[in-house]
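Peer 1: Following this message is one structure expressed as structure tokens.
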Amino acid sequence: MKNRKIHVFDIVILILFCFLAIGVITFLGPCGVHEDGSYSSCHWAGRILFGLGIVGILEAVLAVFLQNQFRLGVNAAVFLQAVLMVMIPGKVVSLCGMSTMRCNLIMKPGVQVISLVIALLAAMNLWLTYRWIQKEK
């Protein structure tokens, strides 16, 4: 196990993905069902973010246990996924037109901040892992 090091960043990314996945269905979640029983686009943005959060949890668990060469690819995927998650609320999936709605006040900034932190941690993790791989050669 010489070339397998556990990064603190992997654990923090795992915790943040758990926080994000649980958050978008609870305290960060968009509005509920409309009076006529239909869902708004913010509901579907929340569901997409929940699914990406679950995928991120699986990727973070893999990154904890994989060797450095494989961890490099997983962290690249986590970085790209986090950048996508920043763009989902408001850019990829349009939110409510009213700026006072829950999706614009709570979900969008919360998801964007958490996703940006994940992207930064994944980028730092990529750099550290790459340096460790170069030192091993």
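The values are calculated or read from the model by the stated rules, or taken from the named source; none is laboratory data. Predicted model only: the values in this text are computed from it and were never measured. Backbone-built Cβ (ideal geometry, glycine too); neighbour counts: all protein chains shown. Side chains included, ligands, DNA and RNA excluded: accessible areas come from the protein's heavy atoms. Shrake-Rupley method; radii C 1.70, N 1.55, O 1.52, S 1.80 Å.
Peer 1: State to the nearest 20 debye the size of the charge dipole of region 19-129 about its Cα centre, where the only charges are +1 on K and R beta carbons and -1 on D and E beta carbons.
Peer 2: Numbers: 5 positive and 3 negative charges, 38 e Å.
Computed charge dipole of region 19-129: roughly 180 debye.
Peer 1: Next question. Quickly estimate the mean residue ellipticity at 222 nm for the chain, helices only: each DSSP H run with n ≥ 4 gives -39500 (n - 2.57), and the total goes over all residues, rounded to 500. List each step's numbers first, then the result.
Peer 2: Working: 4 runs with 90 residues, N = 137.
Result for the chain: -23000 deg cm²/dmol, rounded to the nearest 500.
Peer 1: Considering only C-alpha atoms, what is the centroid distance from region 116-137 to region 39-66, in Å?
Peer 2: Region 116-137 and region 39-66 have Cα centres separated by 22 Å.
Peer 1: Also, I was wondering about something else. Express in nm, to one decimal, how much length is gained between Arg47 and Leu80 on full extension, taking 0.36 nm for each residue of separation and deducting their alpha carbon distance.
Peer 2: Values: separation 33, 0.36 × 33 = 11.88 nm, distance 1.87 nm.
Extending this stretch completely gives an extra 10.0 nm.
Peer 1: Still on this structure, please answer the following. Calculate the spin-label point distance for Lys91 paired with Leu105, positioning each point 7 Å from the Cα along the beta-carbon direction, and give it in nanometres.
Peer 2: Result: 2.5 nm between the two label points.
Peer 1: What cysteines in the chain have no other cysteine with a beta carbon less than 4.7 Å from their beta carbon?
Peer 2: Among the cysteines of the chain, those whose Cβ sits 4.7 Å or more from every other are Cys18, Cys31, Cys96.
Peer 1: Give me the count of lysine pairs in the chain whose alpha carbons sit under 24 angstrom apart, restricted to pairs 8 or more positions apart or on different chains.
Peer 2: Values: Lys2/Lys135; Lys2/Lys137; Lys5/Lys135; Lys5/Lys137; Lys91/Lys108.
Step by step, the pairs that qualify in the chain add up to 5.
Peer 1: Please work out the FRET efficiency for the pair Gln112 and Phe27, using the Cβ-Cβ distance as r and a Förster radius of 22 Å; give the result to the nearest 0.05.
Peer 2: Values: r = 15 Å, r/R0 = 0.70.
It comes to 0.90.
Peer 1: Show me the three semi-axes of the equivalent ellipsoid for the chain, from the C-alpha gyration tensor (sqrt of 5 times each eigenvalue), largest first, rounded to whole Å. Kindly include the intermediate steps, with their values, before the conclusion.
Peer 2: Numbers: eigenvalues 233, 31, 21 Å².
Equivalent ellipsoid semi-axes, largest first: 34, 12, 10 Å.
Peer 1: When ligands, DNA and RNA are left out and all protein chains stay put, how many square angstrom of accessible area per residue does region 76-137 have with a 1.4 Å probe? Mind dumping the intermediate values first?
Peer 2: Values: 3400 Å² over 62 residues.
Result: 55 Å² of accessible area for each residue.
Peer 1: Carbon and sulfur together cover what percent of the accessible area of region 28-137 at a 1.4 Å probe radius? If you can, show how the numbers build up before the last one.
Peer 2: Numbers: 4140 of 5840 Å².
Ligands and nucleic acids excluded, carbon and sulfur reach 71 percent.
Peer 1: Still on this structure, I have one more. For Ile54 and Trp127, what does the FRET efficiency come to when R0 = 22 Å and r is the distance between their Cβ atoms, rounded to the nearest 0.05?
Peer 2: Calculated value: 0.25.
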